[in-house]
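In what follows, a single structure is set out as structure tokens and then discussed.
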Amino acid sequence: MRLYRMELYKLMHGKFFLAGLPVILAVLLLYFAFVNVGDERAVVNGKVYTGYEAVRENREITKEFTGPLDDETAEQIIEKYGFPSQVEEYYGGFRDENYLNGFVTEYLGNGYMRSWDDYKVSTELIPVAQTDLGRAAETSGKEIILCYTKGWSVLLDTLQLGMILGSVLILVSVSPVFAEERQCRMSALLFTSEEGRDRDVTAKIAAAFTLTAAVYAAVVLSVFLSVGAVYGLEGGNCMTGIVAGSLNPVSTVTMKPVLSFVLLSLGADALALMSLCAVVLCVSAHYETLFYTVAVSGIVWVMPLLIRILFDGLGYVVMCGTPLFLVMTGVLMDIYSILFIPAAVGTATLIFCTMNGRRTYMLSEGGR
């Protein structure tokens, strides 16, 4: 335990980690404040609300209609707020909508909005049963629930960015675990007995995974707290497709409750960061300088993106199990029906790289 605490203290007091963790949390907060909240807009009874005021107003007006969505409810919403119709150049949405009439228009209106110069203003409602909403309800056997779910979409978006930033932090912070000691010629002096080497390596690996878990927890906690405080997290039983804006009556994942999809995303994120930590440990055990460890680990991390561009089919499915792709919401939705393959790839990467890194360092010249 003493060795573990020493290694953990050394990793968490590294200059990059001490500066990097506050920086990525600050970047997340700025992104949330200026990109997510800052882009909010709602028009209610002719009055324009923006930013946090728009979120608060949308949440307030939605309370009146929260519950099962049917034709009568949709008609009441349009009767009260009307169909949105104002279009502005280079803005891909109606400028005079709020959450309620925007939702009803998107799913039940007879118009469309593809871009600012390709749209049709809705003039009447289509019965729920004749829309994707109705078909999804029929297929899933569940009611369509109208609720303010913007918080869940913002959470998934912010969480994805947080995990990418966290991956960069882990990549650099874990790289010194083995490489730095060999670079400084210290490994040969540490724990010269067989038992000492074994405990030392175990402590280093445990400390690296603990740091990774701390980064994961910090990102998840900050995202949930910020989104919950501003948007709220109502509507966890609503369909994922409604939250993600990609409802498809033939896609299983889009009809799952968004809360269950978020939990799945959190599990995939944890696997992604832990497998990335294992990859960096493995690379660190093979190289004797910190620079090469960081460089090679970075290349290994982004390489699946190039492979994804060049190959399709099975190659894409396998690449979806790598740390870079496992944190992406869109990828999880694409591969949901065959998620066991990427999960197996991620788990195998975690186990193989951890064991290979351990064995390599134990057998290296510095570790003998």
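Just reorder Tyr316, Tyr112 by solvent-accessible area, largest first, 1.4 Å probe, all chains present.
Working: Tyr316 35, Tyr112 85 Å².
Of Tyr316, Tyr112, the descending order of accessible area is Tyr112, Tyr316.
Could you sort 166-176, 126-136 so that the peptide with the highest average Cβ count within 10 Å comes first and the rest follow in order?
Values: 166-176: 23.9, 126-136: 17.0.
Ranking, from highest mean packing down: 166-176, 126-136.
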Spacing of the two label points (7 Å from each Cα toward its C-beta) at Thr123 and Ile341, in nm: 4.8 nm
Long-range amide H partners of Leu146 with built H, under 5 Å: Gly67, Leu69
Cβ-based charge dipole, the chain, positive-most Cα from Leu25, Ile299, Asn356: Asn356
Alpha-carbon centroids, segment 118-138 and segment 201-227: separation in whole Å: 44 Å
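If you take the Cα Rg of the chain and divide it by 2.2 N^0.38 Å, with N the number of residues, what do you get? Walk me through the intermediate numbers first.
Values: Rg = 24.7 Å, N = 368, 2.2 N^0.38 = 20.8 Å.
Relative to the 2.2 N^0.38 Å estimate, the chain comes out at 1.19.
Report the charge-dipole magnitude of the chain in Debye, nearest 20, computed about the Cα centre from +1 at each Lys and Arg Cβ and -1 at each Asp and Glu Cβ.
Details: 26 positive and 36 negative charges, 385 e Å.
With Lys and Arg at +1 and Asp and Glu at -1, about 1840 debye.
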Pairs from Lys120/Lys150; Lys15/Lys150; Lys150/Lys204 whose Cα-Cα separation, in the structure shown, is over 31 Å: Lys15/Lys150; Lys150/Lys204
Volume per residue of the C-alpha convex hull in segment 282-339, rounded to whole Å³: 87 Å³
With all protein chains modelled, accessible area of Arg41 [1.4 Å, Å²]: 60 Å²
Accessible area of Arg59 in the full protein assembly, 1.4 Å probe (Å², nearest 10): 60 Å²
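Might you report the magnitude of the Cβ-based charge dipole of segment 28-154 about its Cα centre, with Lys and Arg at +1 and Asp and Glu at -1, to the nearest 20 debye?
Values: 12 positive and 22 negative charges, 74 e Å.
The calculation lands at about 360 debye.
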Among Phe103, Gly151, Trp116 the positive-end extreme of the charge dipole of segment 84-152 (Cβ point charges): Gly151
Ranking by accessible area, most exposed first, for Trp116, Trp152, Trp301 with a 1.4 Å probe: Trp116, Trp301, Trp152
Segment 201-277 - accessible surface per residue (Å², probe 1.4 Å): 31 Å²
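Grab the other residues whose beta carbon is less than 15 angstrom from that of Ala244, score K and R as +1, D and E as -1, and report the net.
Numbers: positive: Lys150, Lys256; negative: Glu106, Asp132, Asp157, Asp334.
Charge balance near Ala244 sits at -2.
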Tensor-based shape of segment 11-96 (alpha-carbon gyration tensor, a/c under 1.5 rounded, otherwise prolate or oblate): prolate
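Gain in length, Glu88 to Arg359, computed as 0.36 nm per residue apart minus the alpha-carbon separation, to one decimal in nm? The partial results should precede the final answer.
Working: separation 271, 0.36 × 271 = 97.56 nm, distance 6.15 nm.
Gain on extension, Glu88 to Arg359, equals 91.4 nm.
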Carbon + sulfur, % of accessible area of the chain - ligands and nucleic acids excluded, 1.4 Å: 61 percent
Volume in Å³ per residue [convex hull over Cα atoms, computed for segment 67-125]: 71 Å³
Amide H partners (placed H, <5 Å) of Arg95, local residues excluded: Gln86, Val87, Glu88
In order through segment 146-151: 3J(HN,Hα) via Karplus (6.51 cos²θ - 1.76 cosθ + 1.60), integer Hz, x for Gly, Pro: 8, 7, 6, 10, 4, x
Ser153 accessible area, assembled protein chains, probe 1.4 Å, Å²: 30 Å²
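With a 1.4 Å probe and every protein chain left in place, work out the accessible area per residue of segment 49-154 in Å², rounded to a whole number.
On the way: 5540 Å² over 106 residues.
With the other protein chains kept in place, segment 49-154 gives 52 Å² per residue.
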Dipole axis of the chain (+1 Lys, Arg; -1 Asp, Glu on Cβ), positive-most option in Tyr52, Phe325, Pro127: Phe325
Solvent-accessible area per residue for segment 287-355 (1.4 angstrom probe, square angstrom): 53 Å²
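Determine the shape class of segment 119-185: with a ≥ b ≥ c the square roots of the Cα gyration tensor eigenvalues, call it rounded for a/c under 1.5, and otherwise prolate if a/b is greater than b/c, oblate otherwise. Walk me through the numbers on the way to the answer.
Details: a/c = 5.18, a/b = 3.49, b/c = 1.48.
Note, shape of segment 119-185 comes out prolate.
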Spatial separation of Cα centroids for segment 84-99 and segment 1-72, in angstrom: 24 Å
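The values are calculated or read from the model by the stated rules, or taken from the named source; none is laboratory data. This is a predicted model, so every value here is computed, not measured. Cβ: placed from backbone, ideal geometry, glycine included. Neighbour counts: every protein chain shown. When the accessible area is computed, the model is the full protein with side chains, heavy atoms only, and any ligands, DNA or RNA have been set aside. Shrake-Rupley method; radii C 1.70, N 1.55, O 1.52, S 1.80 Å.
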